[in-house]
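Data block below; observations after.
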Amino acid sequence: MAELKNDLLLRALLRQPVERTPVWMMRQAGRYLPEYRAVRTQAGSFMDLCQNPELACEVTLQPLDRFPLDAAILFSDILTIPDAMGLGLYFEQGEGPKFERPVRDTAAIQALPVPDVGSDLRYVTDAVSLIRRELGGRVPLIGFSGSPWTLATYMVEGGSSKTFSTIKGLLYDQPQALHTLLDKTAQAVIAYLNAQVEAGAQALMIFDTWGGALSPSAYREFSLRYAHQIADGLIRERDGRRVPVVFFTKGGGQWLEDMAAIGVDGLGLDWTTDIGDARRRVGDRVALQGNLDPSTLYASPAVIREEVATILASFGKGSGHVFNLGHGIHPEVNPEHAGAMIAAVHELSPAYHQA
Ligand code: CP3
């Protein structure tokens, strides 16, 4: 396997010295890029694209060919796990993900199989191996999964939700049934992420997109506890290097101290938390990844540069920061504006890493 030429991301996540702050973007391969839309049209559906390792590899590399990014992220989706559990994932135009067979009651939860990652999710690990080969050591490859809580919201609601009424009914009325579902899902996530590491993923990210919808006590019991279980079950070293894990709860800024205690290397921050305050709160326990408001990219390059400068200054001197958006890039963004953000990180961040 080719030697890694740019390991800024891995060093920053381990809070080791870096020459400048590494940068990548959540959803960096996606609809804001015309070259993505072209391959997506050719592939057919979004899931056809995810299930075709050659095309998944091609779109993974597209943003890297355009911008000087410091990481690649596997092109896939968090909902591959529930799909492999037999829920029947499909995407309705303009409505987001849906399941043909949502899991609504105790009987359905009991009957749910833990997927066989080696066969049911082989298309994902095949894509990981191919991307690693095609990257040729340019930058590290990030593998990912949804958190059990976030996956369960889709599995129980049958798709995206604003109110989470069905899963919250389950949470308060039949907590044991929900725990059974979360435990099965956590086992599947561990097997899935470890298979990605074995196939070549060099860092991992756990997306807890809907953890922020929970009360503080429910967050600890139904989201954080399972993220902790996952952190305990992951392969943390491969080919003599640590495989850092980043945990991201959108809307979780108030729980950073708890999140920093589950044994992950980094925390993802959305844009509602001041990154300097976050750093003071977590100290040297974890690195931080974030946290430009994705809507900043609607503004002019000059404004984008100012906002990047503010975040870099707020984090301050020293390692432990991976620059990113606070959530996925919006599909309407002009790619040149993403380029302006990345250029600003390259230009402005070295000053924060001088001895
Ligand atoms: O970051 C990357 O570039 C890697 C690819 C990636 C995708 N989804 C591709 C995708 C990642 C990391 C995800 C994770 C994901 N998927 C999350 C967690 C992260 C987050 O954004 O909070 C969630 C909640 C999902 C579920 C999901 N998949 C949603 C809500 C949607 C959007 C539906 C829509 O039409 O807007 C998807 C589809 C999806 N996943 C797209 C992409 C590029 C768009 C599909 C298309 O091309 O039509």
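Any read-out appearing in this document is the output of simple, stated calculations on the displayed coordinates, not a laboratory observation. Not measured: the values here are computed from a predicted model. Please note: Cβ atoms are built from the backbone with ideal geometry, for glycine as well, and neighbour counts cover all protein chains shown.
Testing Met25 on (1) surrounded by 22 or more Cβ atoms within 10 Å (Cβ to Cβ); (2) outside any loop (DSSP other than H, G, I, E, B); (3) within 11 Å of the ligand (Cβ to nearest atom), one condition comes back false. Which one is that?
(2)
How about segment 299-319: which of its residues are within 17 Å of Leu288 (Cβ to Cβ) and of a type in the set (S, T, N, Q)?
Thr310, Ser314, Ser319 - these are the residues of segment 299-319 that are within 17 Å of Leu288 (Cβ to Cβ) and of a type in the set (S, T, N, Q).
Give Val59, Val39 a once-over and let me know the one that is within 17 Å of Ala338 (Cβ to Cβ) and in a helix (DSSP H, G or I).
From the options Val59, Val39, the qualifying one is Val59.
Determine which member of the set Val124, Val128, Val39 is of a type in the set (A, V, I, L, M, F, W, C), free of Cβ contacts under 8 Å to residues at least 40 places away in the same chain and either touching a strand residue (DSSP E or B) at 6+ places or on another chain (Cβ under 7 Å) or at negative phi (or both).
Exactly one residue qualifies, and that residue is Val39.
One line per residue, one yes/no per condition, for (1) surrounded by 17 or more Cβ atoms within 10 Å (Cβ to Cβ); (2) in contact with a Leu (Cβ under 6 Å, 6 or more places away or on another chain):
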position: Lys168; (1), (2): yes, no
position: Val189; (1), (2): yes, no
position: Ile206; (1), (2): yes, no
position: Arg220; (1), (2): no, no
position: Tyr226; (1), (2): yes, yes
position: Gln229; (1), (2): yes, no
position: Asp232; (1), (2): no, no
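Restricting to segment 204-245, name every residue that is touching a Phe, Trp or Tyr at 6+ places or on another chain (Cβ under 9 Å) and of a type in the set (A, V, I, L, M).
Hits for segment 204-245 are Leu204, Met205, Ile206, Ala213, Leu214, Ala218, Leu224, Ala227, Ile230, Ala231.
Inspect all residues belonging to segment 148-162 and state whether any of them is more than 13 Å from the ligand (Cβ to nearest atom), of a type in the set (Val, Ile, Thr) and crowded, with 17+ Cβ neighbours inside 10 Å.
Yes, the conditions are met somewhere in segment 148-162.
Could you tell me which of the residues Pro113, Pro82, Pro97 is in a loop (DSSP other than H, G, I, E, B), over 30 Å from Lys5 (Cα atoms) and not basic (Lys, Arg)? Explain how you work it out, then say what you get.
On the way: Pro82 fails: in a loop (DSSP other than H, G, I, E, B); Pro97 fails: in a loop (DSSP other than H, G, I, E, B).
Going through Pro113, Pro82, Pro97 in turn, the sole match is Pro113.
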